[in-house]
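Colleague: First the structure, then my questions, so here it is.
The values are calculated or read from the model by the stated rules, or taken from the named source; none is laboratory data. Quantities reported herein were computed from a predicted structural model and do not represent experimental measurements. Using ideal geometry, Cβ is built from the backbone for each residue, glycine included, and neighbour counts are taken over all protein chains shown. Side chains are part of the model used for accessible areas, which takes the heavy atoms of the whole protein and leaves out ligands, DNA and RNA. Shrake-Rupley method; radii C 1.70, N 1.55, O 1.52, S 1.80 Å.
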Amino acid sequence: MTTLTVDTKGMKCPLPVLKARKALKDLAPGDTMIVLATDPGAVKDFEHFCKVTGATMVNVNEDKDGVITFTLKKAG
């Protein structure tokens, strides 16, 4: 299994989701992707992203510096 990290810190909607969608294509089913974001709107964006792509949102965490870490698992 592969874990890929996609750093989208400082990017605004829709760039974090677009970068994640592109990265997801390179992952095998069941692989994990970690997305780092600072856009507060990214939480809702990635909830929708998971509904559309079938990916599972395993975890969401925001640190004290405002970096939101999404752990996503590719469907399959």
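Colleague: Which number in (1) touching an Asp or Glu at 6+ places or on another chain (Cβ under 8 Å); (2) open to solvent by less than 40 Å² (accessible area, probe 1.4 Å); (3) of a type outside the set (F, W, Y) marks the one condition that M11 misses?
Modeller: Exception for M11: condition (2).
Colleague: Can I ask one more? Among the listed residues L27, L72, which satisfies the condition of being open to solvent by less than 80 Å² (accessible area, probe 1.4 Å), within 10 Å of the chain's Cα centre (by Cα) and modelled with pLDDT of 95 or more?
Modeller: L72
Colleague: Could we say that V52 is β-branched (V, I, T), open to solvent by 20 Å² or more (accessible area, probe 1.4 Å) and closer than 17 Å to T3 by Cα here?
Modeller: Spelling it out, it is not the case that V52 is β-branched (V, I, T), open to solvent by 20 Å² or more (accessible area, probe 1.4 Å) and closer than 17 Å to T3 by Cα.
Colleague: Moving on. V58 is checked against (1) in contact with a Lys or Arg (Cβ under 6 Å, 6 or more places away or on another chain); (2) surrounded by 16 or more Cβ atoms within 10 Å (Cβ to Cβ); (3) among the aliphatic types (A, V, I, L, M) and fails just one. What number does that condition carry?
Modeller: For V58, the failing item is (2).
Colleague: Another question, then. Checking T5 against (1) modelled with pLDDT of 95 or more; (2) surrounded by 14 or more Cβ atoms within 10 Å (Cβ to Cβ); (3) out of contact with any Ser or Thr (no Cβ under 6 Å at 6 or more places or on another chain), which single condition isn't satisfied?
Modeller: The one condition T5 does not meet is (2).
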